[in-house]
Amino acid sequence: MDVLEQLSLTNINASLEAGSLREKPACYRGRPTDLPITEAVMPNGQTIILLKTMVTSACERNCYYCPFRAGRDFKRTTFTPDDLALTYMKLYHARAVEGLFLSSGLIGGGVKIQDKIIATAELLRRRYAYQGYIHAKIMPGAEKDQILRLMELADRVSLNLEAPNTKRLKDLAPKKIFMDELVQRLLWVDEIRKNRSPFKAWRGRWPSSATQFVVGAVGETDHELIATSEKMFQMANLRRVYYSRFTPQQDTPLENHSAENPWRQHRLYQSSFLLRDYGFQMEELPFDPSGNLPIHTDPKLAWAQAALSHQPIELNKAGRKELLRVPGIGPKGADSIITARRQCALTQLNQLKSLHVNAKRAAPFILLNGKRPEFQLGLI
Ligand code: SF4
């Protein structure tokens with residue numbers, strides 16, 4: 001089996017490991033491919049083609065949703081760090097990929113596999129002087145020194161919590177230990193960032209960190225997911241939380257469980273951005289009595305309809321925090337409004353169009369120089 005065939009055996013199902021709603025399979029040499037190549041949108045909005053692969057697709061764990069779980073009958077493969085680094089560099093020089101996302105199944109424990117991930121990243125940075133993007137997984141149970149070394153090599157590190165708490169994780173991945181094996185590692189990442197100088201780190205700065213949840217496999221509520229996300233943003237200083245809607249995999253214990261609605265995943269992303277970037281608190285999100293978010297309404301719009309319809313915000317006076325509460329106004333829009341109103345008062349909706357604001361969306365919730373924009377009354 002050649003190495004590209006081997007790579008195709010590690011094709012991580014996009015629904016389990018996708019980093020972005022806007023990820024899609026990419027092509028290799030102009031054609032659709034079985035290679036684990038994915039187009040992903042980076043935090044700065046730039047699109048990057050990632051090789052998303054694994055040190056090994058063998059695993060001794062039995063997570064109920066995972067196609068790589070122990071005992072599932074399919075062809076597995078394992079790379080040496082040398083083979084993996086060399087193959088990645090060939091694909092990189094052929095311009096087939098622009099970055100690496102490196103994960104693994106677990107064989108012989110997290111510490112052993114973590115060493116292989118570190119060795120691969122070291123080869124890339126040292127032997128091949130690779131300057132590009134590396135997102136590397138922290139393995140459950142990895143040691144603190146290993147995490148430090150990985151952080152010196154990667155642009156981003158992540159570890160999937162998979163479920164929002166111990167009870168849900170038991171139903172999803174019974175051999176993973178929520179606090180000791182998973183949460184603790186993400187806390188160490190932040191501890192290292194806070195207490196150690198990054199002078200040895202790649203590009204002289206510590207990598208960002210992230211986690212991911214599987215959504216819709218074991219009855220967890222949006223409230224549970226968002227509450228844990230908020231805690232992890234605060235306690236572990238995560239840059240991103242990914243929500244990966246459950247899709248059933250053949251020949252796994254959850255193969256007959258229905259796939260989760262993609263809109264639920266989308267509403268979770270919107271809500272976590274409200275917490276992270278817009279100054280919202282958990283209790284302001286529109287959870288229903290069962291602890292879930294409305295599927296058919298944007299959570300910020302739902303909040304504004306209840307809170308701002310009769311108390312619109314004056315765009316010429318509001319502070320940044322208040323502006324961010326208005327649907328159609330994001331961080332860029334809020335900053336542009338504050339700059340623009342120093343030059344002249346905002347009196348017309350069409351002034352907002354050049355300020356990164358969705359004027360139609362904002363209209364029902366704002367005042368311009370003390371007046372509601374004319375056409376908005378019909379929209380409320
Ligand atoms: S540890 Fe669980 S999620 Fe990870 S590869 Fe193994 S079975 Fe899959």
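The values are calculated or read from the model by the stated rules, or taken from the named source; none is laboratory data. The structure presented is a predicted model; accordingly, all values stated were derived computationally and were not measured. Using ideal geometry, Cβ is built from the backbone for each residue, glycine included, and neighbour counts are taken over all protein chains shown.
Things to note:
- The residues of the stretch 120-152 that are surrounded by 23 or more Cβ atoms within 10 Å (Cβ to Cβ), touching a residue at least 40 places away in the same chain (Cβ under 8 Å) and more than 19 Å from Leu238 (Cβ to Cβ) amount to a single one, Thr120.
- When Ile117, Ile107 are checked against the criterion of being of a type outside the set (S, T, N, Q) and buried (at least 20 other Cβ atoms within 10 Å of the Cβ), Ile117 stands alone in meeting it.
- Of the helices (runs of 4 or more DSSP H) entirely within the stretch 106-196, those holding at least 2 residues that are within 12 Å of the ligand (Cβ to nearest atom) and within 22 Å of the chain's Cα centre (by Cα) occupy 166-172.
- Qualifying residue in the stretch 81-91 (condition: charged (D, E, K, R) and within 11 Å of the ligand (Cβ to nearest atom)): no
- Within the stretch 224-254, the set of residues being at positive phi and in contact with a strand residue (DSSP E or B) (Cβ under 9 Å, 6 or more places away or on another chain) comprises just one member, Asn237.
- Within the stretch 197-213, tally of residues that are more than 24 Å from Arg276 (Cα to Cα), within 23 Å of the chain's Cα centre (by Cα) and among the charged types (D, E, K, R): 1
- Among the residues examined, Tyr64 qualifies as aromatic (Phe, Trp, Tyr), at pLDDT 95 or above and either farther than 22 Å from Val157 by Cβ or in contact with a Phe, Trp or Tyr (Cβ under 6 Å, 6 or more places away or on another chain) (or both).
- Asp288 surrounded by fewer than 16 Cβ atoms within 10 Å (Cβ to Cβ) and closer than 30 Å to Lys75 by Cα: no
- Candidate set from the stretch 200-227 (those that are part of a loop (DSSP other than H, G, I, E, B) and outside the structural domain of Lys167 (by TED's automatic domain parsing)); member that is surrounded by the fewest Cβ atoms within 10 Å (Cβ to Cβ): Gly219
- When the stretch 25-61 is limited to residues that are of a type in the set (Gly, Ala, Ser) and at pLDDT below 80, the one that is nearest to the ligand (Cβ to nearest atom) turns out to be Ala26.
- Scope the stretch 228-251; condition farther than 17 Å from Tyr278 by Cβ and either among the small types (Gly, Ala, Ser) or surrounded by fewer than 19 Cβ atoms within 10 Å (Cβ to Cβ) (or both); matching residues: Lys231, Met235, Ala236, Asn237, Ser244, Pro248, Gln250, Asp251
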